[in-house]
Amino acid sequence: QVQLIESGGGLVQAGGSLRLSCGVSGRTIYNNAMGWFRQAPGKEREFVASINWSGHTTDYLDSVKGRFTISRDNTKNTAYLQMNSLKPEDTANYYCAFRYSGEITLDSREYQYWGQGTQVTVSS
């Protein structure tokens, strides 16, 4: 199996920044895509960002474009989500996800493995 462990969440004031990390271990393959999703209380899980196997192609939820940056370091088996200019509406539990395919997708159904989540809370 593949295991993903997120870290870096916390409480931050509006306008602040956080960097989330996702360590990947287990039966991984090099040709994989990573994604970040989030879920607020009472709402469905939504796509935030994804990155292809090489790190050269990315995609973002419209509301986070220009504020969030997804990246990866394949030598460390780690993906990151740098979040700047945070807003209260960014408050959610953030999950990283792993896909057995090198291409990005915003469809959560296309990711086979998920982390446990890390909470991000943004105050006014």
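The values are calculated or read from the model by the stated rules, or taken from the named source; none is laboratory data. From a predicted model like this one, the values you see are computed outputs, not experimental measurements. Note that we place each Cβ from the backbone using ideal geometry, even for glycine, and neighbour counts take in every protein chain shown. Please note that ligands, DNA and RNA were not included when accessible areas were found on the heavy atoms of the full protein model with its side chains. Shrake-Rupley method; radii C 1.70, N 1.55, O 1.52, S 1.80 Å.
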Next item on the list: Kindly provide the set of residues from region 1-24 that are over 14 Å from the mean Cα position of the chain (by Cα), under 14 Å from residue 81 (Cβ atoms) and part of a loop (DSSP other than H, G, I, E, B), ordered by number.
Entry: 17
Notebook entry, point to check: Which one is farthest from residue 102 (Cα to Cα), of the residues in region 48-59 that are surrounded by fewer than 19 Cβ atoms within 10 Å (Cβ to Cβ) and under 12 Å from the mean Cα position of the chain (by Cα)?
Noted result: 59
Notebook entry, point to check: Counting only residues that are modelled with pLDDT of 95 or more and either open to solvent by 20 Å² or more (accessible area, probe 1.4 Å) or not in a strand (DSSP E or B) (or both), how many does region 25-42 have?
Noted result: 2
Next item on the list: Can you give me the number of residues within region 78-91 that are among the small types (Gly, Ala, Ser) and either out of contact with any Lys or Arg (no Cβ under 6 Å at 6 or more places or on another chain) or open to solvent by less than 30 Å² (accessible area, probe 1.4 Å) (or both)?
Entry: 1
Check: Would you say residue 55 is assigned to a loop (DSSP other than H, G, I, E, B), within 12 Å of residue 90 (Cβ to Cβ) and touching a residue at least 12 places away in the same chain (Cβ under 8 Å)?
Finding: no
Next item on the list: Examine region 75-95 for a residue that is part of a loop (DSSP other than H, G, I, E, B) and within 17 Å of residue 2 (Cβ to Cβ), and state whether such a residue exists.
Entry: yes
Next item on the list: Report yes if some residue within region 64-77 is of a type in the set (S, T, N, Q), within 15 Å of residue 15 (Cα to Cα), over 10 Å from the mean Cα position of the chain (by Cα) and surrounded by 13 or more Cβ atoms within 10 Å (Cβ to Cβ); otherwise report no.
Entry: no
Note to self: Return the pair list, or none, for Cβ contacts closer than 7 Å from residues in region 103-118 that are in contact (Cβ under 8 Å) with a residue 24 or more places away in the chain and farther than 14 Å from residue 45 by Cβ to residues that are open to solvent by 70 Å² or more (accessible area, probe 1.4 Å) and not β-branched (Val, Ile, Thr), at least 6 apart or on different chains.
What the structure shows: 112/100
Margin query: What's the total number of residues in region 74-98 that are modelled with pLDDT under 95 and of a type outside the set (Ser, Thr, Tyr)?
Written below: 3
Check: Of the numbered conditions (1) at positive phi; (2) not in a loop (DSSP other than H, G, I, E, B), residue 49 satisfies every one except a single condition; which is it?
Finding: (1)
Next item on the list: Search region 92-122 for residues being among the hydroxyl-bearing types (Ser, Thr, Tyr) and open to solvent by less than 40 Å² (accessible area, probe 1.4 Å), and hand back the single one that is farthest from residue 56 (Cα to Cα).
Entry: 118
